[in-house]
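Q: Starting off with a structure, shown below.
The values are calculated or read from the model by the stated rules, or taken from the named source; none is laboratory data. Given the structure is predicted, the values throughout are model-derived calculations rather than measurements. So basically every Cβ, Gly included, is an ideal-geometry build from the backbone, and we count neighbours across all protein chains shown.
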Amino acid sequence: MPRTRNSRNSVQEVHIAVLGMNRSGKSALTVKYITRRFITEYDPNLEDTYCKHESIHGHEYMVWIMDTVESKGKDPMRYLAWADIYLVVYDITSQLSFQYAENLLKQINQHEHALCVRQHVTSLIGNKNDMERYRQVSRADGQRVADELNADFSEITTTEEYAIVKSLFHKAITNSISRRMRAVDRSPSPRMYSSDSEVVGIPRGKSTFTPPLLKSTSRTGGFRRSKSPKHRETLKHSLPPVAPNAKTKSSPGSKLFKLFQN
């Protein structure tokens with residue numbers, strides 16, 4: 001069965017970028033969704049893209065997830081021009097990570113307004129709500145920022161049941177597909193390409209997303225590839241700087257891919 005991003009009758013691709021400051025729980029959230037496992041050790045400098053086949057309400061999807069790493073010199077267009085869904089994660093026990101997440105949401109909004117090509121689904125996620133005694137960011141503040149910057153909002157902990165994490169991803173995917181279908185019904189346009197930058201000079205109807213060879217990483221249907229997806233020359237936009245980078249771990253720990261070995 002062919003895989004496309006804009007057909008109602010075939011497997012559709014959905015691109016999700018998981019964003020946030022280091023140590024906010026991005027990798028733990030990604031791995032929990034793909035493998036149902038909670039991780040405590042990971043390489044904070046490893047940026048990777050994973051793939052998982054999903055069936056939601058009787059429809060088949062190929063879900064690509066970019067677990068991003070924010071560091072000096074990395075171009076945010078690598079995910080801004082690629083993703084359909086942005087999951088912006090912060091640690092409720094860190095005010096700094098919350099400010100960082102707020103800057104990311106502003107950056108996403110500026111990209112939307114500058115390009116005016118498609119609507120993305122954005123969700124602000126407060127992680128580690130099982131550590132209530134150390135909370136620095138109130139739920140009300142999280143909801144307020146999400147409302148101001150056009151994002152959904154939720155609080156979770158990746159240590160809790162898989163069903164909660166799965167529901168979070170499925171809700172975002174369902175919302176993204178609904179917006180995509182409404183856009184197609186209104187007026188077929190280049191907005192369904194695999195990146196915003198491909199709107200220029202690409203004939204309609206062609207799929208430009210060509211994933212590399214994959215290898216299985218778990219027994220639950222997840223896959224990974226060794227590098228983040230490359231996209232064609234992107235449109236240049238002036239994006240606001242994000243908050244200064246937080247200090248990463250002194251000892252990087254084991255690489256994430258080792259966690260998926262049998």
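Q: Within the stretch 47-64, is even one residue basic (K, R), surrounded by fewer than 19 Cβ atoms within 10 Å (Cβ to Cβ) and touching a residue at least 40 places away in the same chain (Cβ under 8 Å)? Can you show your working first?
A: So the first thing to find is which residues in the stretch 47-64 are basic (K, R), and the list is 52.
If we keep only those that are surrounded by fewer than 19 Cβ atoms within 10 Å (Cβ to Cβ) as well, we get none.
Looking for residues that are basic (K, R), surrounded by fewer than 19 Cβ atoms within 10 Å (Cβ to Cβ) and touching a residue at least 40 places away in the same chain (Cβ under 8 Å), one finds none in the stretch 47-64, hence no.
Q: Please go through the stretch 74-99 and give me each residue that is farther than 18 Å from A17 by Cα, out of contact with any strand residue (DSSP E or B) (no Cβ under 8 Å at 6 or more places or on another chain) and not polar (S, T, N, Q), ordered by number. Quick ask: steps written out before the conclusion?
A: Here is the first cut: in the stretch 74-99, the residues farther than 18 Å from A17 by Cα are 92-96, 99.
Cutting the leftovers down to out of contact with any strand residue (DSSP E or B) (no Cβ under 8 Å at 6 or more places or on another chain) gives us 93-96, 99.
Across the stretch 74-99, the qualifying residue is only L96.
Q: Further question on the same structure: Name the residues in the stretch 113-128 that are surrounded by fewer than 17 Cβ atoms within 10 Å (Cβ to Cβ) and of a type outside the set (A, V, I, L, M), would you?
A: H113, C116, Q119
Q: For F153, only one of the following conditions fails: (1) farther than 25 Å from E13 by Cβ; (2) modelled with pLDDT under 95. What is its number?
A: Of (1) farther than 25 Å from E13 by Cβ; (2) modelled with pLDDT under 95, only one is false for F153: (2).
Q: May I pose another question? So which residues in the stretch 87-105 are surrounded by fewer than 24 Cβ atoms within 10 Å (Cβ to Cβ) and more than 11 Å from N127 (Cα to Cα), if there are any at all?
A: Q95, L96, Q99, E102, N103, L105
Q: Applying the selection to the stretch 133-149, what residues are touching a strand residue (DSSP E or B) at 6+ places or on another chain (Cβ under 8 Å) and part of a loop (DSSP other than H, G, I, E, B)?
A: V137, L149
Q: So for the stretch 150-161 (the condition being out of contact with any His (no Cβ under 7 Å at 6 or more places or on another chain), surrounded by 21 or more Cβ atoms within 10 Å (Cβ to Cβ), assigned to a helix (DSSP H, G or I) and among the aliphatic types (A, V, I, L, M)), does at least one residue qualify?
A: no
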